[in-house]
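Worksheet: the structure to be examined is printed underneath.
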Amino acid sequence: MPYPIYQVDAFNESLFSGNPAAVVPLNAWLGDETLQAIAAENNLSETAFIVPSDDEGLDYDIRWMTPTSEVKLCGHATLATAHVLFEHLGFSRDTIRLGSMSGELVVTRDEESRIVLDFPEIEITPSEPTPELIEGLGATPSAVFDSYDLICVFESEAQLRALDPDFRALLKVPNVRAIGVTAPGESCDFVARLFAPAVGIDEDPVTGSLYTMLTPYWAKRLGKSTMRARQISERTGDLVVNVSDSAPGRVRIAGHAVSYMKGEIYTSP
């Protein structure tokens, strides 16, 4: 039996930039091994799977998988999923409610046709750089924070662009899923990169979930509630991020998306 599949470039307005994600709408969950095999075959940083939710307050349930493992939260593949629902699957309301391993996620469209992710804020706590981290990055950050991912702060965009990590060395950093690096931006409020060899992604092009940690940090440091951010990977991506006093503990992450491909996949000969 074939299943539909879409590929979307998220967090940019043009093709061949931003972060590509696959989206697979299903009527019911396939087995975990099959889901993981599809994600591995797609060989993208994330594949999102959705099924109609049994929860009266939700529209769909969503899961995300890298080529090697399932993750609890993924921003760019959620943005890609909303784009598919709005543009290809006839979802007529402006708000989508998703059930996930990270709780309920709300996705809307704004007046500039951006897709806005309402995600839980993830707290960061001060930490210290380990020898393995310094070796892997080839540089010493000015500050390190521990969280869902490890966050490393540098003083300039030039320093971030110059990083040439040793990904084998980064695999030795203990108890870390991914390593986000960030600095003040030259033409935006702040910039970032993300390295995640532990889950099969050396460098992620644009990482929505990273901004659940970076947005509160930069809002406090810059004294701003709404900021423009750029992930300066090879493909690059642009985001508008926001924290609000009216919604404590939540972060809004907004960006555009562009359809690249749609087709069918087969899970048996």
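Inside region 140-204, counting only strands (runs of 3 or more DSSP E) that do not spill past its ends, which hold 2 or more residues that are without any contact (Cβ under 8 Å) to a residue 24 or more places away in the chain and closer than 25 Å to Asn42 by Cα?
No strands (runs of 3 or more DSSP E) qualify here.
Conditions tested, residue by residue: (1) buried (at least 24 other Cβ atoms within 10 Å of the Cβ); (2) within 18 Å of Ser17 (Cα to Cα); (3) touching a Gly at 6+ places or on another chain (Cβ under 7 Å).
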| position | (1), (2), (3) |
| --- | --- |
| Ala192 | yes, yes, yes |
| Thr215 | yes, no, no |
| Gly223 | no, no, no |
| Gln231 | yes, yes, yes |
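Just one of the numbered conditions (1) under 17 Å from Ala158 (Cα atoms); (2) touching a helix residue (DSSP H, G or I) at 6+ places or on another chain (Cβ under 7 Å) is not true of Thr207; which one?
Among (1) under 17 Å from Ala158 (Cα atoms); (2) touching a helix residue (DSSP H, G or I) at 6+ places or on another chain (Cβ under 7 Å), Thr207 violates only (1).
Answer yes or no as to whether Arg97 is modelled with pLDDT of 95 or more and among the charged types (D, E, K, R).
Answer is yes for this residue.
So which of Val199, Val206 is buried (at least 23 other Cβ atoms within 10 Å of the Cβ), in the same structural domain as Leu160 (by TED's automatic domain parsing), farther than 16 Å from Ile151 by Cβ and not polar (S, T, N, Q)?
Answer to the selection: Val206.
Does Lys262 satisfy the condition of being surrounded by 13 or more Cβ atoms within 10 Å (Cβ to Cβ), of a type in the set (D, E, K, R) and not in a loop (DSSP other than H, G, I, E, B)?
Yes, satisfied.
Go through the residues of region 8-28 one by one and say whether even a single one is buried (at least 17 other Cβ atoms within 10 Å of the Cβ) and farther than 27 Å from Glu234 by Cβ.
Within region 8-28 (the criterion being buried (at least 17 other Cβ atoms within 10 Å of the Cβ) and farther than 27 Å from Glu234 by Cβ), the answer is yes, since at least one residue qualifies.
State whether the residues of region 18-27 include one that is in a loop (DSSP other than H, G, I, E, B), more than 21 Å from His256 (Cβ to Cβ) and not small (Gly, Ala, Ser). Let's see the steps before the verdict.
Start the filter on region 18-27 by keeping residues that are in a loop (DSSP other than H, G, I, E, B), which leaves 18, 26-27.
Those still in the list that are more than 21 Å from His256 (Cβ to Cβ) too: 26-27.
Pick out the ones that are also not small (Gly, Ala, Ser) and you get 26-27.
For region 18-27, residues in a loop (DSSP other than H, G, I, E, B), more than 21 Å from His256 (Cβ to Cβ) and not small (Gly, Ala, Ser): present.
Looking for whichever is outside the structural domain of Ser209 (by TED's automatic domain parsing), without any contact (Cβ under 8 Å) to a residue 40 or more places away in the chain, of a type in the set (D, E, K, R) and over 23 Å from Asn12 (Cα atoms) here; the options are Glu46, Glu70. Which one fits?
Testing whether each residue is outside the structural domain of Ser209 (by TED's automatic domain parsing), without any contact (Cβ under 8 Å) to a residue 40 or more places away in the chain, of a type in the set (D, E, K, R) and over 23 Å from Asn12 (Cα atoms) leaves just Glu70.
With the requirement that a residue be in a strand (DSSP E or B) and either β-branched (Val, Ile, Thr) or touching a His at 6+ places or on another chain (Cβ under 8 Å) (or both), what does region 211-236 give you?
Thr226
So for region 112-126 (the condition being free of Cβ contacts under 8 Å to residues at least 24 places away in the same chain, in contact with a strand residue (DSSP E or B) (Cβ under 8 Å, 6 or more places away or on another chain) and surrounded by fewer than 20 Cβ atoms within 10 Å (Cβ to Cβ)), does at least one residue qualify?
For region 112-126, residues free of Cβ contacts under 8 Å to residues at least 24 places away in the same chain, in contact with a strand residue (DSSP E or B) (Cβ under 8 Å, 6 or more places away or on another chain) and surrounded by fewer than 20 Cβ atoms within 10 Å (Cβ to Cβ): present.
Please find, within region 39-53, the residue that is farthest from Ser100 (Cα to Cα) out of those that are in contact with a helix residue (DSSP H, G or I) (Cβ under 9 Å, 6 or more places away or on another chain) and part of a loop (DSSP other than H, G, I, E, B).
Leu44
Kindly indicate whether Gly237 is in contact (Cβ under 8 Å) with a residue 24 or more places away in the chain, under 14 Å from the mean Cα position of the chain (by Cα) and within 23 Å of Ser102 (Cβ to Cβ).
So Gly237 fits the description; yes.
If I ask for residues that are of a type in the set (A, V, I, L, M) and under 14 Å from the mean Cα position of the chain (by Cα), which ones from region 72-106 would you list?
Across region 72-106, the qualifying residues are Leu73, Ala77, Leu79, Ala80, Ala82, Leu105.
Pick from region 151-190 the residues that are buried (at least 19 other Cβ atoms within 10 Å of the Cβ) and over 18 Å from Ile232 (Cα atoms): which of them is modelled with the lowest pLDDT?
Looking at residues that are buried (at least 19 other Cβ atoms within 10 Å of the Cβ) and over 18 Å from Ile232 (Cα atoms), I get Val176.
Is it the case, given these coordinates, that Arg193 is at pLDDT below 95 and closer than 23 Å to Ala48 by Cβ?
No; evaluated as a whole, the condition is false for this residue.
The values are calculated or read from the model by the stated rules, or taken from the named source; none is laboratory data. Keep in mind the model is a prediction, meaning the values are calculated, not measured. Every residue, glycine as well, gets a Cβ built from its backbone with ideal geometry; the counts of neighbours run over all protein chains shown.
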